[in-house]
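Read-outs throughout are calculated quantities, based only on the coordinates presented, and are distinct from any laboratory measurement. From a predicted model like this one, the values you see are computed outputs, not experimental measurements. With ideal geometry, Cβ positions are generated from the backbone for all residues, glycine too; neighbour counts draw on all protein chains shown.
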Ligand SMILES: Cc1cc2nc3c(=O)[nH]c(=O)nc-3n(C[C@H](O)[C@H](O)[C@H](O)COP(=O)(O)OP(=O)(O)OC[C@H]3O[C@@H](n4cnc5c(N)ncnc54)[C@H](O)[C@@H]3O)c2cc1C
């Protein structure tokens, strides 16, 4: 893919060569960088997950020339394909937080987009259930919070009413969220990506951003072919093969975003938040001829996540999860290459059964099968309060034209189009 980028450079060499920047003061690193081909580009988006793709589309629709750099062989192989695929209503997040604002706005944008573009989705609604008396007050807090966030149609139901809607459910009370739903994330990304490409965006796969620096006011982004980065796992320093000189860079690298920012010479590391990683595993329901639920069923949120809930796939299949398992960080190269351990240990089912049986007592022994896992890019650790999304521009880190997105955990999928809209509005004129 780097060849493709170089070809792009050659095709546009007249304009590009004339703007190559010759550094006056050269040390050995800059000499190395100086030898690399350089390409002036308008906008670089780092990462082709749902957020990066939505940002690329939004910028391209506004007439910007966009290049998306993705380390994997295709789009959406990170957290964007390892989540519950739930369109959240926006009731969990503190009023006026980015999570609340983007979730509510993003949900509306997403439903409109999916309806107009034929992206498979269903607004099936959600029941958040109180299974013990201590939970009831928490439902009231969620109701107040959701109402303040502008979530439509929220209503507390008595247990019998909820159990009439869902005969397999057991609960004392429930909060009905009719605007929650599910979406086929892959189709969504494909549709957004197609539109971005139709408006001139280029996606460069198998290409990894390894670092960056500032020359005067110009941002230099160092990229390399992923296959060459792979050789550096556990050993050598990756060498840049091409330098991109963009007007705007949007760092949407998910789990890797903080590492990319740390490897950008010119940002004060003090502004980069500490990262934490929380794996969430899913189990699927097997040995069943019929599916027990028609709505999303969520317990009261737990530390680090929303609780082991029932998520439905568009064909009605049921999965349970994700739980919360704090995992350590990897070295930066392994992170760029998404070498996280996504295996689901069958033993974890032992913890799932009692949690699920609190609201689904008929769950049969032996009916849970390991599914898949995702890793949450978190900005607060075990036992700490959740932290909001972080979107940093020049006002925070001092680099004109650089936007960093950190901690884009749930509801990042729901929020993706609203985040993109906001970034384009604030940073791309
Ligand atoms: C278990 C779980 C359940 C979730 N459930 C929901 C839900 O139901 N609803 C909801 O709204 N949200 C949910 N989320 C959150 C949602 O999945 C994420 O917020 C969203 O997918 C983030 O998208 P992204 O584009 O920021 O990141 P990613 O999808 O991780 O994309 C980042 C991309 O950057 C690439 N990359 C990394 N390093 C580099 C580099 N150096 N150079 C080039 N490319 C690089 C990666 O390969 C990757 O493709 C969930 C998350 C988890 C973990």
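What is the residue count in segment 140-171 for residues that are crowded, with 19+ Cβ neighbours inside 10 Å and within 27 Å of the chain's Cα centre (by Cα)? Looking only at that region, the number is 6. Out of 246, 238, one residue alone is in contact with a strand residue (DSSP E or B) (Cβ under 8 Å, 6 or more places away or on another chain) and in a loop (DSSP other than H, G, I, E, B). It is 238.
Considering segment 230-251, the residues that are under 19 Å from the mean Cα position of the chain (by Cα) and either more than 13 Å from the ligand (Cβ to nearest atom) or over 19 Å from residue 329 (Cβ atoms) (or both) include one that is surrounded by the fewest Cβ atoms within 10 Å (Cβ to Cβ), namely 249. Of the residues making up segment 319-344, those that are closer than 20 Å to residue 88 by Cβ and surrounded by fewer than 21 Cβ atoms within 10 Å (Cβ to Cβ) are 319, 324. Each residue in segment 62-99 was checked for being touching a helix residue (DSSP H, G or I) at 6+ places or on another chain (Cβ under 7 Å) and either at positive phi or without any contact (Cβ under 8 Å) to a residue 40 or more places away in the chain (or both), and 3 pass.
Residue 95 fulfils the conditions (1) away from the ligand (no atom under 16 Å from the Cβ); (2) in a loop (DSSP other than H, G, I, E, B); (3) farther than 26 Å from residue 424 by Cβ except for a single criterion, (3). The criterion of at least 2 residues that are more than 13 Å from the ligand (Cβ to nearest atom) and free of Cβ contacts under 8 Å to residues at least 24 places away in the same chain is met by the following helices (runs of 4 or more DSSP H) wholly inside segment 326-422: 349-357, 394-397.
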